[in-house]
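Take a look at the structure below.
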Amino acid sequence: MSTQLTPAQELRVFDKALDALAFKVAESCLLLDCPNPEKFDPAGKRIDPSPTLCAGCYREWAVNKAMKEMEASHD
């Protein structure tokens, strides 16, 4: 990256990158390793998965994992 970004711009870039990566992961391994099966199949009502639906779960999982690791490193 040759452009100097402000901290806010850098966060937006990382946020968009996380979305893109989550979509790629969901697209390539749809339901093989679902990070949140309860959300996917609430009350036994199967939802037809899509990369977009799964990308949201993978993104949420990745953000939560990063936050937990950061919190643990401050203890």
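The values are calculated or read from the model by the stated rules, or taken from the named source; none is laboratory data. These numbers were taken from a predicted model, which means no experiment stands behind them. Note that each Cβ is placed from the backbone with ideal geometry, even for glycine, and that neighbours are counted across all protein chains shown.
Looking only at residues that are aliphatic (A, V, I, L, M) and modelled with pLDDT under 85 in region 48-69, which one is surrounded by the fewest Cβ atoms within 10 Å (Cβ to Cβ)? Even if it seems obvious, please write down each step before you answer.
Going residue by residue through region 48-69, those that are aliphatic (A, V, I, L, M) are 53, 55, 62-63, 66-67.
Next cut, modelled with pLDDT under 85 only: 53, 55.
Values: LEU53: 14, ALA55: 21.
Among those that are aliphatic (A, V, I, L, M) and modelled with pLDDT under 85, it is LEU53.
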The condition from (1) in contact with a helix residue (DSSP H, G or I) (Cβ under 6 Å, 6 or more places away or on another chain); (2) modelled with pLDDT of 75 or more that ASN36 misses is numbered (2)
Discussion item. Looking at the structure I just gave you, is ALA43 part of a helix (DSSP H, G or I), aliphatic (A, V, I, L, M) and modelled with pLDDT of 80 or more?
Written reply: no
